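So the structure is just underneath, and the comments pick up after that.
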Amino acid sequence: MFEVVIEDNGAEYVAFTAEDKREAELLLQRHVRSLTDGLAYIRETKPEPKKK
């Protein structure tokens, strides 16, 4: 699982979550090209356990 995290003025928020790293990279590139404030990066997370 991958999260696109945007950090701005000391605060960070998860903008997008995806299972495919390529999908997360595409959103990261879109953020960079939009000239939006904040630093965007991809963070790998553990997959959530499935409930039975």
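The values are calculated or read from the model by the stated rules, or taken from the named source; none is laboratory data. This structure is a prediction, so every number in the text was calculated from the model and none was measured. No Cβ is skipped: glycine too gets one built from the backbone with ideal geometry, and neighbour counts run over all protein chains shown. Heads up: the accessible areas ignore ligands, DNA and RNA and are worked out on the full protein's heavy atoms, side chains in. Shrake-Rupley method; radii C 1.70, N 1.55, O 1.52, S 1.80 Å.
Modelled spin-label separation between Leu26 and Glu44, with each label point placed 7 Å from Cα along the Cα-to-Cβ direction: 2.1 nm. Computed per residue of the chain from DSSP H runs no shorter than four, each worth -39500 (n - 2.57), the mean residue ellipticity at 222 nm is -8000 deg cm²/dmol.
Please report the carbon-and-sulfur percent of the accessible area for the chain; probe 1.4 Å, protein heavy atoms only, DNA, RNA and ligands left out. Heavy-atom surface of the chain belonging to carbon and sulfur, 1.4 Å probe: 50 percent.
Gain in length, Leu35 to Ala15, computed as 0.36 nm per residue apart minus the alpha-carbon separation, to one decimal in nm?
Numbers: separation 20, 0.36 × 20 = 7.20 nm, distance 1.54 nm.
Stretched fully, the Leu35-Ala15 segment lengthens by 5.7 nm.
Sites listed here are GluC sites (Glu not before Pro) in the chain whose DSSP assignment is loop and whose Cβ has at most 16 other Cβ atoms within 10 Å: Glu19.
Radius of gyration over Kirkwood radius for the chain, both on Cα atoms: the Rg/Rh ratio is 1.04. The HN-Hα couplings worked out from phi for region 17-25 by the Karplus form 6.51 cos²θ - 1.76 cosθ + 1.60 (θ = phi - 60°) are 10, 8, 8, 9, 5, 4, 5, 5, 5 Hz, whole numbers, x standing for Gly and Pro.
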